[in-house]
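Report on the structure given below.
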Amino acid sequence: MDAELELYAQQHSSFGHPLLDELLRTAYVRLLQPRMVCGATQAGLLSMLIKLSGAQRVLELGAYSGYSTIAMAMALEPVGGEIDSIECDAEMIHFLTPFVARSGCSERIHIHHGQALERMPALLAQHQYDLVYIDANKRQYPDYYQLLRKQLRPGAIILADNTLWDGKVTAPTNHHDLQLEGIQHFNELVAQDSNVEQLLLPLRDGLTIIRILSA
């Protein structure tokens, strides 16, 4: 989608918030990889899915700028809804913290510093998550998925970002790209799992929506 058409789509969508607009502008000034911010269209979809599913507890693997974190927290019910977000980069936590504080829903957001695979077991043992958003280390996507499948109940939703990996998932490669291999392995795991239904959307860098049917 070209920039003009994408802008038109955003202008004709209800999702948006001045704080998130400010966060995005600040990301492009201060961060080395601002294109990693999920942006309004994808965040709007995450927000809509939370509202449609009635999710109360959300787990996010990889907060980065905090854009998706805040967007999802805003979609949660003011009473009872909470999001746990794991971020390994202390500098990114420093970046997102002021925006979380100003979001109006900071009491619903819990940021956990550390590696996702190290922090997930304790959180999954403590909480029953309705929705999980994966946007962390691509090499570990298969590990995240296998751990989540052991813990999440039927009806839970998993969303995985970057599952087309800049279109490289279908292109032959002559070099050892561990991130690409992680994404490809993850995509195959999901496709072969008969106990889920999934939809891989060609949105931005690829977004896979997975609904668990049975354990």
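The values are calculated or read from the model by the stated rules, or taken from the named source; none is laboratory data. Quick caveat, the model's predicted, so the values are computed rather than measured. Counting neighbours? That spans all protein chains shown, and the Cβs are built from the backbone with ideal geometry, glycine included. Ligands, DNA and RNA are stripped out before the accessible areas are found, and what is left, the full protein with its side chains, is counted by its heavy atoms. Shrake-Rupley method; radii C 1.70, N 1.55, O 1.52, S 1.80 Å.
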- [ ] Return a whole-number percent for the relative contact order of segment 3-212, with Cα pairs under 8 Å and 6 or more residues apart as the contact set.
- [x] 17 percent
Open item on the list: Quick check: the distance between the Cα centres of segment 189-213 and segment 39-63, to the nearest angstrom?
Closed with: 15 Å
Task: Hydrodynamic radius (Kirkwood) for segment 21-70, which is based on Cα pairs only, to one decimal in Å - done: 11.8 Å
Task: Share of carbon and sulfur in the accessible heavy-atom surface of the chain [1.4 Å probe, %] - done: 53 percent
TODO: For Lys150, Lys51, Lys138, Lys168, write out the residues from largest to smallest accessible area, computed with a 1.4 angstrom probe and no ligands counted.
DONE: Lys150, Lys51, Lys168, Lys138
Open item on the list: Given Cβ point charges of +1 (Lys, Arg) and -1 (Asp, Glu) and nothing else, what value in debye, to the nearest 20, does the dipole of the chain about its Cα centre take?
Closed with: 320 debye
Open item on the list: Need the C-alpha centroid separation for segment 102-139 versus segment 152-183, integer Å.
Closed with: 20 Å
- [ ] Quick one: grab the alpha carbon gyration tensor of segment 88-215, order the square roots of its eigenvalues as a ≥ b ≥ c, and give me rounded if a/c is under 1.5, else prolate or oblate depending on whether a/b is larger than b/c.
- [x] oblate
Open item on the list: Between Asp2 and His94, what is the label-point separation in nm under the 7 Å Cα-to-beta-carbon projection?
Closed with: 4.2 nm
Task: For the chain, accessible area per residue (1.4 Å probe, heavy atoms of protein chains only), Å² - done: 51 Å²
- [ ] Could you please put Glu197, Glu6, Glu60, Glu91 in sequence from largest to smallest accessible area, using a 1.4 Å probe?
- [x] Glu91, Glu197, Glu6, Glu60
Task: Cα-Cα separations in the chain greater than 30 Å, expressed as whole percent - done: 18 percent
Task: Rounded to the nearest 10 Å², the accessible area of Met120 at probe 1.4 Å - done: 0 Å²
Task: Translational D in µm²/s for segment 168-215 (Stokes-Einstein at 4 °C, 1.567 mPa s, Kirkwood Rh from C-alpha pairs) - done: 108 µm²/s
TODO: Report Tyr144's accessible area, 1.4 Å probe, all protein chains in place, as a number in Å² to the nearest 10.
DONE: 0 Å²
